Amino acid sequence: MRHRIAVIGAGPAGLTFARVLHRHDCPVTVLERDPGSDARPPGGTLDLHEKMGQLALEKAGLLAEFEALSRPEGQAMRILDVDGTVLRDWPARPDDLANPEIDRGQLRDLLLGPLDVQWGRGVTEVMPGTRDGALVRFADGREETFDLVIGADGAWSRVRPALSSVTPHYTGVTLVETSLDDVDTRHPDLARLIGDGSMAVYGVNRALVAQRNSGGHVKVYAQFRAPLNTSADTSADTSAVAGLDGADVEAVRSSLLALFDGWAAPVLDLLRHGAAFIPRPLHVLPVSHTWAHVPGVTLLGDAAHLMPPLGLGANLAMLEGAELAESIAATPDPGDLDEVVRAFEEQMWARAAKWAEFTAAGLERLVSPDPAEALALFDSVQPS
Ligand SMILES: Cc1cc2nc3c(=O)[nH]c(=O)nc-3n(C[C@H](O)[C@H](O)[C@H](O)COP(=O)(O)OP(=O)(O)OC[C@H]3O[C@@H](n4cnc5c(N)ncnc54)[C@H](O)[C@@H]3O)c2cc1C
């Protein structure tokens, strides 16, 4: 008898999980709230680590395709002082396959491949332990039951309440994202400033980071400490940050230019030429978030261990998805499924706790009263 398995969410965690099961001819139902794969911009670039995201793609049989699409040169990193002086410049070798970059949209399409995702199926609630298995309720009022429901539905998971009463809390740091297109032809000076990969400037309690995506697209992240408006809906990415009105592009631009006043003119040009601004208050789950095991439901990725964006969340999400799928595929007897999930959870919690601690400490150093902290952090992780 085959297991009836559903994964909620078609992000890196859910798609990797489903793709590895598909490779092993195990059926899986993928339920995604978005109405289609192109319903919203896919976001910026991701660096996939050899022993995490790339390992997951290998388990999905997609490593060669990833290597053809990814950008090893995107690993280049440059750090500037607020006056524009280059403090560090780490070029990337084209044969360095440790952490190549890939656009999120390319990664999503690669993982989607032959998967038959059910789009427009927002889940509102999961109730484990019913007579017929774990019950999934949808926004349109329908219900379905499965032997195992995997919550891969991100930061504001609707599956998590079935296991844990914990909700994400604000770190005190907000990113405001903007972007530039055709940077090589429209802004050649900025293209040179950014280089082949990423460029970052660290000041007192604030930072500006610019990252190349493919096709001359650049994402810029202004990072700073700010309180949230008490009236804001913190369950939404775009919840308002005190002092910023996300709807008014020119007002946000003026606020950001005032916040970064005194920084070198070419650096501020990243904000002057940016298109729309998207505030992203950074929320996290507590380090070492765990729950009492409940048969029939589990969590993966951000739903289980939301952490600051220091290049690990998608990598962990994908690796977990691949590992759980491989374990399930190797378990023909439905009676053994619960033990497989229990063992997976123990392994996920131990590994995620380590990285959650690392990224929490990292965020404190990157958006710090002492900009030398950011430099020291990079010196400790970059090859000399
Ligand atoms: C600015 C920024 C930069 C980052 N850079 C990196 C990086 O370079 N490297 C890295 O490893 N990580 C990075 N991260 C972290 C990374 O984006 C996340 O950790 C990763 O996307 C988590 O994957 P996930 O599949 O768990 O969740 P998500 O990517 O959030 O996917 C969840 C999916 O579930 C769907 N969903 C949500 N609710 C429901 C519902 N109720 N019903 C059905 N479907 C639902 C969503 O629409 C979405 O498709 C970054 C994050 C940010 C904010």
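Observations, loosely collected:
- Criterion: within 30 Å of E250 (Cβ to Cβ) and assigned by TED's automatic domain parsing to the domain that holds R225 - qualifying residue of P371, P279, P309: P279
Listed here are the residues, each with its yes/no results for (1) surrounded by fewer than 18 Cβ atoms within 10 Å (Cβ to Cβ); (2) without any contact (Cβ under 8 Å) to a residue 24 or more places away in the chain; (3) not aliphatic (A, V, I, L, M).
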{"residue": "G122", "(1), (2), (3)": "yes, no, yes"}
{"residue": "V126", "(1), (2), (3)": "no, no, no"}
{"residue": "G133", "(1), (2), (3)": "no, no, yes"}
{"residue": "D140", "(1), (2), (3)": "yes, yes, yes"}
{"residue": "E144", "(1), (2), (3)": "no, no, yes"}
{"residue": "D147", "(1), (2), (3)": "no, no, yes"}
{"residue": "P168", "(1), (2), (3)": "no, no, yes"}
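- Residue selected from the stretch 183-223 under the condition more than 22 Å from the chain's Cα centre (by Cα) and polar (S, T, N, Q), by the criterion nearest to L375 (Cα to Cα): N205
- Residues within the stretch 138-159 that are within 10 Å of the ligand (Cβ to nearest atom) and of a type outside the set (V, I, T), tallied: 10
- Considering (1) within 15 Å of the ligand (Cβ to nearest atom); (2) farther than 30 Å from T174 by Cβ, the lone condition that V294 does not fulfil carries the number (1).
- Test: residue in the stretch 172-188 that is free of Cβ contacts under 8 Å to residues at least 60 places away in the same chain and of a type in the set (A, V, I, L, M): yes
- Note on the stretch 329-384: residues that are hydrophobic (A, V, I, L, M, F, W, C), more than 30 Å from V20 (Cβ to Cβ) and surrounded by fewer than 17 Cβ atoms within 10 Å (Cβ to Cβ) amount to 3.
- For the stretch 297-318, a residue qualifies if it is over 17 Å from F358 (Cα atoms) and either basic (K, R) or within 10 Å of the ligand (Cβ to nearest atom) (or both), and the qualifying residues are L299, L300, A303, M318.
- Pairs, first among the polar types (S, T, N, Q) and buried (at least 17 other Cβ atoms within 10 Å of the Cβ) in the stretch 83-110, second assigned to a loop (DSSP other than H, G, I, E, B) and modelled with pLDDT of 95 or more, C-beta under 7 Å, six or more apart: N99/L48; N99/H49
- The test for being open to solvent by 40 Å² or more (accessible area, probe 1.4 Å), assigned by TED's automatic domain parsing to the domain that holds A134 and without any contact (Cβ under 8 Å) to a residue 12 or more places away in the chain does not hold for R33.
- Residue that is surrounded by the fewest Cβ atoms within 10 Å (Cβ to Cβ), among those in the stretch 50-82 that are of a type in the set (D, E, K, R) and touching a helix residue (DSSP H, G or I) at 6+ places or on another chain (Cβ under 7 Å): E65
The values are calculated or read from the model by the stated rules, or taken from the named source; none is laboratory data. Everything quoted here is computed from the prediction, not taken from an experiment. Glycine gets a Cβ as well: all are built from the backbone with ideal geometry, and neighbour counts include every protein chain shown. Ligands, DNA and RNA are stripped out before the accessible areas are found, and what is left, the full protein with its side chains, is counted by its heavy atoms. Shrake-Rupley method; radii C 1.70, N 1.55, O 1.52, S 1.80 Å.
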